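This report refers to the structure that appears directly beneath it.
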Amino acid sequence: ALLDTGPKPLAGRKAIVTSGPTHEPIDPVRYIANRSSGKQGHAIAAELARLGADVTLVSGPVTIPDPKGVVVIHVERAEEMRDAVLAALPADIAVMVAAVADWRVATAAGNKIKKKPGEAPPPLLLTENPDILKTVGHHAKRPKLVVGFAAETQNVAENGRSKLERKGADYILANDVSPHTGIMGGDRNTVKVIGKSGDEDWPEMDKQAVAERLGRLIASHFSG
Ligand code: CTP
Ligand code: CA
C-alpha cells in the first residue's frame, strides 16, 4: 500500500525486534551460525511499524531486504546484537526473534586457518554467547512487554514454558522446527503461544499472518 491509513494502536510506543541468525567467526573466512531466513522477525518489525510503533530492527546477516518504515541496525555476532539491543533501550516492546548462535569460538583466529597435510583438523573451543532475551527480560529497563520465540524439535510446550520462566518473557511463541515441518526457510509457521496464564495453539498460517496476529496481541496490552 502506498499509504497505510489503518488504526495505529501502537502510536507513541517504541519496539525493538531482533531477527535473522548471528555469525560467529572461526577465522576471517569461516563462521558458526544457526539456520534463519529472517522472514518471521522482519515481518513482525514491519507489522509493529504499520501499527504505529517506532521500531528498531536489529538484524543478523540475511538475504532479504530491510523492511520499510523501521530503523535497521545490521550486526554479525551475538555480542554485537546484544550491544545494539541494549543501546536501543528504553522501549515499550521487545520481540526477540533472532536465531542467536548459542556458542562462539573462544578465540577466533586473526588469519585464515590453513589445512596442514597429515595433521588432524583443528579443535574448536567454544564459549557461550550472551542470552539477549534473558538479559532484556531481567533488565532494570525491562520493556513492558517482552516476547521471545522457542525453536524446538521436541517437547515444544514444556521447553517453551521453561524458556518463558527462565528468560523473564511475557510470551513465548514456540514452534516445532523439525525438518519435516518446512518452517525453517519456508513461508509458513505453526506456533503455540505460551503466556503466563496458559497456552494457545494458533493454526498453521503464513509468517505474515503470524506477524499480524502477534501485532494484535501486543496492541491489546497497550489499549485502554
Ligand atoms: N535468544 C537470545 N539470545 C541467545 C539465545 C536465544 O536472545 N543467546 C532468544 C531467541 O531470540 C528466542 C529465545 O531466546 O527468542 C529462545 O531461543 P532458543 O534458541 O529457542 O533458546 P535457548 O535458550 O538458546 O535454548 P536451546 O537453543 O538450548 O533450546
Ligand atoms: Ca538456542
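Every number in this text was worked out from the coordinates using simple rules, so none of it is lab data. Since we're looking at a predicted model, the values are computed, not measured. Note that we place each Cβ from the backbone using ideal geometry, even for glycine, and neighbour counts take in every protein chain shown.
General remarks:
- Non-local lysine pairs in the range 100-224, meaning eight or more places apart or on different chains, with alpha-carbon distances under 17 Å, amount to 11.
- When the alpha carbon coordinates of the range 73-121 are projected onto the principal axes, the ranges are 57, 18, 17 Å, largest first.
- Helix 39-50 axis, angle to the chain major axis (alpha carbon atoms, nearest 10°): 30
- Remark: the range 170-177, residue by residue, has Karplus-estimated 3J(HN,Hα) of 8, 9, 10, 9, 9, 9, 8, 9 Hz, where x stands for each Gly or Pro and the curve is 6.51 cos²θ - 1.76 cosθ + 1.60 at θ = phi - 60°.
- Dividing the radius of gyration of the alpha carbons in the chain by their Kirkwood radius gives 1.00 for Rg/Rh.
- Derived from the Cα gyration tensor, the three semi-axes of the equivalent ellipsoid of the range 65-197 are 30, 21, 16 Å, largest first.
- Take every Cα pair under 8 Å whose residues are at least 6 apart in sequence, average their separation, divide by the length of the range 99-199, and the relative contact order is 21 percent.
- Intensity falloff of the range 11-92 expressed as log10 I(q)/I(0), Debye formula with alpha-carbon point scatterers, at q = 0.21 Å⁻¹: -0.91
- Relative contact order, percent, the range 1-137 [alpha-carbon distance under 8 Å, six or more residues apart]: 31
- The alpha-carbon positions of the range 21-62 define a convex hull whose volume is 60 Å³ per residue.
- Exposure proxy order (Cβ contacts within 10 Å, fewest to most) of TRP103, TRP202: TRP103, TRP202
- Hydrodynamic estimate: the Kirkwood radius of the range 25-142 over Cα pairs, inserted into Stokes-Einstein at 4 °C and 1.567 mPa s, corresponds to D of 81 µm²/s.
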